1. If you check every pair at least six apart or on different chains, which have Cβ atoms under 6 Å apart with a residue in region 300-313 that is farther than 16 Å from E363 by Cβ first and a residue that is of a type in the set (A, V, I, L, M, F, W, C) and within 10 Å of the ligand (Cβ to nearest atom) second?
2. Would you say D54 is out of contact with any Ser or Thr (no Cβ under 8 Å at 6 or more places or on another chain) and farther than 17 Å from I339 by Cβ?
3. Output the qualifying pairs, or none if there are none: Cβ atoms under 6 angstrom, residues six or more apart or on different chains, first residue in region 288-299 and closer than 14 Å to K361 by Cβ and in contact (Cβ under 8 Å) with a residue 60 or more places away in the chain, second residue of a type in the set (G, A, S) and part of a loop (DSSP other than H, G, I, E, B).
4. For the subset of region 160-184 comprising residues that are touching a residue at least 12 places away in the same chain (Cβ under 8 Å) and polar (S, T, N, Q), which member is nearest to T196 (Cα to Cα)?
5. Touching a residue at least 60 places away in the same chain (Cβ under 8 Å) and either more than 23 Å from I105 (Cα to Cα) or surrounded by 21 or more Cβ atoms within 10 Å (Cβ to Cβ) (or both): which single residue out of A261, A275 fits that description?
6. Would you confirm whether or not region 293-303 contains a residue that is part of a helix (DSSP H, G or I) and either within 15 Å of the chain's Cα centre (by Cα) or on the phi < 0 side of the Ramachandran plot (or both)?
7. Search region 373-424 for residues being under 28 Å from R59 (Cα atoms) and in a strand (DSSP E or B), and hand back the single one that is nearest to the ligand (Cβ to nearest atom).
8. Is there any pair with a first residue in region 100-112 that is closer than 22 Å to T146 by Cβ and a second that is small (G, A, S) and in a strand (DSSP E or B) whose Cβ atoms are under 6 Å apart and which are 6 or more apart or on different chains, and what are they?
Amino acid sequence: MRKSLLLTLMLLTGEDWAEAQKSKANYDETKIAPYTLPELMVTADGTKVSTVEDWKSKRRPEVLELFKDHVYGRTPADWGQVKFETLAVKKDALGGKATRKLIQITLADHPGWKGMEVMLYVPNGLGHPAPCFVGPSFGGNHAVSTEKDVPLSTRWMRPNKEKFIVDNRATEKSRGNESSRWPLEMIIGQGFAVATYYYGDIEPDQAEGWKDGLRAVLSKDGANTEWKDGDWGAIGAWAWGLSRIADYLETEGDIDAKKLAVIGHSRLGKTSLWAGAQDIRFGIVISNNSGEGGAATMRRNFGETTAIITKSFPHWFTKTYSSYSDNAAACPVDQHMLIALAAPRPVYIASAVGDEWADPKGEFLSGLNAEPVYELYGKQGYGVSAQPAIDTPVGDAIGYHVRTGKHDVTDYDWEQYLKFAKRHFSK
Ligand code: GCU
């Protein structure tokens, strides 16, 4: 009996273990121990940051380095030449409203990496290059789109009966299973393009997944790599993929590459924030329900904690991050500093009221505490200091809403992102 219990525990995936923690976490505001956030506006040598120049030339680079060293790890400096190959073009996609392209991105010097397949939808008849949302998917291009001629991903996928993943592979029935999170017709209808890729094209999302992906290929020790403090984790690698899409979009005449909005949900929201922090070509940064390790304040013990996430998903982060599992106070950064790395670019943080695991209030607070950097640039953040009522979006350069419902991406979320992107991209 005991043995089988032990065996069951050993077979639990990080995903299952995290799920099991949900009922045990703290959801009581009065039980959050007092905490002090690390100083955003003081440099390592103790100087106050009071000008844009101080921020740009001193503090911002410091904060970026801190996130590399302590949270997400360092993206390698070189991966050689990036190759783009257009695999297919369909000019009458979405009933003639859009052109759909499939583009294969590979690395000329690293044929060991199988590459990533980008699906791009561009509105037809727009008359000018389109602004574009860029984001990773959980289920692959065939899951984002309901169009039957989108090739089924052949890559490893996390087990999921409801999504008809069989033996870690998508099946015909998996088509469209993420389409409610990507309302393509609505986005296209408002004059925006969408570029997306399956995050598993970079590496499978499991503890040993890196051995079969980009991180092993780019490491000199390949699958024998011993990840050291400061080396990149999976979030860093997935974010790298988003930047390679930006590389491609800069060559794509139908896209206005000065108007790219990076977007992600949940673990992929953590990814979009980290992509936006490192790559300023993303002119807008959007975090949908990104929670712990994303927009949520690390030091608040509410919902998922550093201790839980570093135990269930250690592979997402750099090794050092695990050392803060029971001591978040020792970490030299908190997530308001990640939001500040987007400045002065507009950033949008979205929560859902039923997504307590992601700590909606903690997500709100990170945006609020990033405001001093926006103020340096003469920009207004939220314009409010308390979390707004449900379904009441707020903010100018920093946008926020907490919507009705659960952990998900809904049309309501997209309506706000589209308004936000229109407002800022037309400036
Ligand atoms: C788990 C994990 C979260 C993550 C989420 C997701 O719940 O604990 O940190 O955001 O999965 O990506 O769906």
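1. If the second residue must be of a type in the set (A, V, I, L, M, F, W, C) and within 10 Å of the ligand (Cβ to nearest atom), the pairs left are S312/W17; S312/A18.
2. Numbers: out of contact with any Ser or Thr (no Cβ under 8 Å at 6 or more places or on another chain): no; farther than 17 Å from I339 by Cβ: yes.
Spelling it out, it is not the case that D54 is out of contact with any Ser or Thr (no Cβ under 8 Å at 6 or more places or on another chain) and farther than 17 Å from I339 by Cβ.
3. That search, which allows pairs on different chains as well, returns N289/S266.
4. Of everything passing the filter in region 160-184, S179 is nearest to T196 (Cα to Cα).
5. Values: A275 fails: touching a residue at least 60 places away in the same chain (Cβ under 8 Å).
Of the residues listed, the single one that is touching a residue at least 60 places away in the same chain (Cβ under 8 Å) and either more than 23 Å from I105 (Cα to Cα) or surrounded by 21 or more Cβ atoms within 10 Å (Cβ to Cβ) (or both) is A261.
6. From region 293-303, those part of a helix (DSSP H, G or I) are none; that's our starting set.
No, region 293-303 contains no residue that is part of a helix (DSSP H, G or I) and either within 15 Å of the chain's Cα centre (by Cα) or on the phi < 0 side of the Ramachandran plot (or both).
7. Narrowing region 373-424 to residues under 28 Å from R59 (Cα atoms): 373-387, 394-400, 420-421, 424.
Pick out the ones that are also in a strand (DSSP E or B) and you get 394, 398-400.
Details: V394: 23, I398: 21, G399: 20, Y400: 18 Å.
Checked region 373-424; the qualifying residue nearest to the ligand (Cβ to nearest atom) is Y400.
8. Final answer for the pair search is R100/A93; L102/A88.
Values quoted throughout were computed directly from the atomic coordinates according to the rules given, and no laboratory measurement underlies them. All values derive from a computational prediction rather than experimental measurement. Counting neighbours? That spans all protein chains shown, and the Cβs are built from the backbone with ideal geometry, glycine included.
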